[in-house]
Amino acid sequence: MSGMDLSGIDLTTEVVRSERLVLRPFTTDDVEAVFAGCQDPEVQRWINIPVPYTREHAHSYVAEEAPAERLAGTGTDLAVEADGVVVGSTGVHRIGQHPMGPEIGYWIAPAGRGKGYAAELTHALAEWALGLGAHRVYLVADVRNAGSQQVARRAGFAQEGVLRSYLAYRDGSRGDAALFSRLPGD
């Protein structure tokens with residue numbers, strides 16, 4: 001479905017670089033950075049993670065969940081490293097699983113915000129996936145998350161519409177998501 005040609009690509013070790021960032025597989029050394037980033041109320045507001053978020057959650061994500069997705073060939077959960085410091089998490093998900101193509105997601109910890117990292121990594125991952133033959137890449141942002149929608153636009157994504165009742169919130173309610181995409185040549 002994705003059209004991506006992953007022959008010759010080992011997702012367990014694949015690293016994507018941009019001008020200022022290294023997007024690399026997590027290591028157990030990253031547990032504290034993930035734990036700290038996921039304490040932020042804004043990360044908790046927009047990312048569907050357990051709250052409270054414990055070190056055990058961070059360890060499970062870094063050591064089990066992220067590697068499992070890469071091993072399965074369905075995604076790349078990656079640490080966002082700037083100047084040798086992990087400032088967030090990103091990834092290309094649903095590789096080969098969704099007709100809309102692979103999905104890009106991200107969060108940036110407070111210390112890394114306001115520097116353009118989210119737009120830079122989103123652009124880099126879109127270029128990576130499209131360069132491997134994806135017919136399109138997409139991302140969704142809560143309609144209330146103006147910052148994430150601006151990231152999508154700065155990364156060259158176009159808004160296609162709104163997916164009604166797409167997002168599941170922790171309290172059992174649902175919310176709308178703005179849908180953005182990039183195509184080859186955009």
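The values are calculated or read from the model by the stated rules, or taken from the named source; none is laboratory data. Computed from a prediction, not measured in an experiment: that's the story for all the values here. Cβ placement follows ideal geometry from the backbone for every residue including glycine, while neighbour counts extend to all protein chains displayed.
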(message) Among the residues that make up the range 77-94, is at least one of them in a helix (DSSP H, G or I), at pLDDT 95 or above and more than 17 Å from the chain's Cα centre (by Cα)?
(response) no
(request) Select from the range 60-90 the residues that are under 22 Å from His123 (Cα atoms) and acidic (Asp, Glu) and write down the one among them that is surrounded by the fewest Cβ atoms within 10 Å (Cβ to Cβ). (result) Asp83
(message) Please verify whether Leu139 is assigned to a helix (DSSP H, G or I) and either more than 14 Å from Pro184 (Cβ to Cβ) or touching a strand residue (DSSP E or B) at 6+ places or on another chain (Cβ under 7 Å) (or both), treating the condition exactly as stated.
(response) no
(request) Would you point out the residue of the range 1-21, among those that are surrounded by fewer than 18 Cβ atoms within 10 Å (Cβ to Cβ) and in contact with a strand residue (DSSP E or B) (Cβ under 9 Å, 6 or more places away or on another chain), that is farthest from Gly133 (Cα to Cα)? (result) Arg20
(message) For the range 45-59, check the following and say yes or no: at least one residue is more than 30 Å from Gly172 (Cβ to Cβ) and either in contact with a His (Cβ under 7 Å, 6 or more places away or on another chain) or surrounded by 14 or more Cβ atoms within 10 Å (Cβ to Cβ) (or both).
(response) no
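Quick grid of which residues meet (1) buried (at least 22 other Cβ atoms within 10 Å of the Cβ); (2) more than 17 Å from the chain's Cα centre (by Cα); (3) among the aromatic types (Phe, Trp, Tyr):
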| residue | (1), (2), (3) |
| --- | --- |
| Met100 | no, no, no |
| Glu120 | no, no, no |
| Val151 | yes, no, no |
| Leu167 | no, no, no |
| Asp171 | no, yes, no |
(message) Contact list please: Cβ distance under 8 Å, first residue in the range 21-35 and under 13 Å from Glu56 (Cβ atoms), second residue among the hydroxyl-bearing types (Ser, Thr, Tyr), pairs at least six apart or on different chains.
(response) Val34/Tyr61; Val34/Ser89; Phe35/Tyr53; Phe35/Thr54
(message) Kindly evaluate Ser60 against the criterion of being in contact with a Gly (Cβ under 9 Å, 6 or more places away or on another chain), modelled with pLDDT of 95 or more and hydroxyl-bearing (Ser, Thr, Tyr).
(response) no
(request) May I ask you to list pairs of residues, at least six apart or on different chains, whose Cβ atoms are under 8 Å apart, with the first in the range 59-75 being closer than 20 Å to His98 by Cα and the second being in a helix (DSSP H, G or I)? (result) Gly75/Glu69
(request) Mind listing whichever residues of the range 29-68 are outside any loop (DSSP other than H, G, I, E, B) and of a type in the set (Val, Ile, Thr)? (result) Val31, Val34, Val43, Val62
